[in-house]
Structure formats: C-alpha cells, structure tokens
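Structure first, commentary second.
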Amino acid sequence: MLKDTGERVIPEKMDITNELLIEHIARYHFSVPHVHGKVLDFATGVGYGAHVVAKKCKHNLEEIIGVDIDPKAIQYAKTTYYHPLSKYMLADVTDLALPDQLGTFDVILSFETIEHIENEDQFMENIYHLLKPGGSLILSTPFGAGKGKPCSSPFHVHQMTENEFSSMFDQFKKKRFFYQKGALIEPIEGSQMDRRPLGVVIASK
C-alpha cells in the first residue's frame, strides 16, 4: 500500500480542504492553457496531475508521460489514473541517459520537485535537453532562506530565494514569473500578495 510520506500528495487519502492538495491541483490547472503536443510530467508522483492534464487537454495532447523515482507511486498511477493519452515510467529525473531514452517534448511540467534534488544542475540540464526548440517548461518551487541553508522542511535539500529561482532560467529565451498562494497564481507584475511562499515560471526554450 502506498503511504503518505508527509509531502506525498494522494488525493484519495486527503481532505478536499487540504492546502497542500489545493496548491498542487491548482498548478496543474494553471498549466492547461499552455499544454499541447507531447508532454512530460517530471516527478509525477502518483499521477493525479498527469491525469488532470490528459482529461482537460485531450484535444491538444499527443501524449503525457509521467516519470517518478518511486516504484510504488508509479504503480499507483498506472492503476488509479489510467488514461489513453497517459503513460507512467520509473526513472530518476537526474539520470544523464533520460534525454536519449525519452526523446524531446513540447511541454515539461515539474511542480515542487527541484527543492528535493541534490544535483539540481543536472536536473535543469536534463530538462533543457528534453525540451524541443520553442518548447515550454512550467516549474514551481517554494521560496526560503536560500541554497545551502537549512529550511523548515525535512524533505527539502534547501529552498531558494526569489532571486536564486529567477536566475535558474537564464538559458531560456523567454520567461515569465508568477507567485502562488493557495489556489491563486498571479503574475509578479502587479502582484498584491503580502507573502509570496511559492514561485512558478513559464520558460520557453
């Protein structure tokens, strides 16, 4: 049986008012207008997000592949969130061979992943090589004290500052940054948020 590890989002085991669940579901719905063609959900978890995208984007989607390092999560995704346009695969997001194994994608989604990754440079390099020219990355992470500094979550390597986050995407041609608080995701420009706990980027190669 798949267990909740503290940050594992399993919708069937969570209350509808759970803030963590609301935030995660909101990010996938936020991505829907940008989804088309071949899509990669990098660190898909149990697959609920890939399933949302498959159902909402079925007319614009060629396929969505959900990748995760946890075999139990992938098995749960295959049995709970099947869709004809989705596929789930066991893999490490920092594996150097992934671009050769998976090919390239029109859109890559990676929500609340990078803060868990020790080798974030390889993670970002994989993403860049997995994206087609003109393809889009939609990625999110919580803000914190900065790289190499302790953070409140025992599950995170660290949590970037806003400036560190924005500098992660210098190799992309276009990028737009957003803040998230709960279900609300809005552009940085004109943001009225008093506290900005989460950052989201749409970056185009």
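Residue check: Lys38 meets all listed conditions (1) of a type outside the set (Asp, Glu); (2) in contact (Cβ under 8 Å) with a residue 60 or more places away in the chain; (3) closer than 25 Å to Pro142 by Cβ; (4) buried (at least 17 other Cβ atoms within 10 Å of the Cβ) but one, namely (3). Condition test on Ala91, is it more than 22 Å from Pro11 (Cβ to Cβ) and either of a type in the set (A, V, I, L, M) or in contact with a Ser or Thr (Cβ under 7 Å, 6 or more places away or on another chain) (or both)? So Ala91 passes the test.
So that you can scan it fast, the table gives a plain yes or no per residue for (1) aliphatic (A, V, I, L, M); (2) over 25 Å from Lys181 (Cβ atoms):
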site: Gln75; (1), (2): no, yes
site: Lys87; (1), (2): no, yes
site: Gln101; (1), (2): no, yes
site: Glu115; (1), (2): no, no
site: Leu131; (1), (2): yes, yes
site: Gly135; (1), (2): no, yes
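The set of residues in the stretch 131-150 being at pLDDT below 85 and touching a strand residue (DSSP E or B) at 6+ places or on another chain (Cβ under 8 Å) consists of Gly146 alone.
Filter the strands (runs of 3 or more DSSP E) completely within the stretch 92-205 down to those with at least 2 residues that are within 16 Å of the chain's Cα centre (by Cα) and either of a type in the set (Phe, Trp, Tyr) or loosely packed, with under 13 Cβ neighbours inside 10 Å (or both). Explain how you work it out, then say what you get.
Values: elements: 105-111, 131-142, 174-181, 184-187, 198-204.
The strands (runs of 3 or more DSSP E) meeting that bar are 105-111, 174-181.
The values are calculated or read from the model by the stated rules, or taken from the named source; none is laboratory data. Just so it is clear, the structure is predicted and the values come from calculations on it, not from any experiment. All Cβ positions, even for glycine, are placed from backbone atoms using ideal geometry, and neighbour counts span all protein chains on display.
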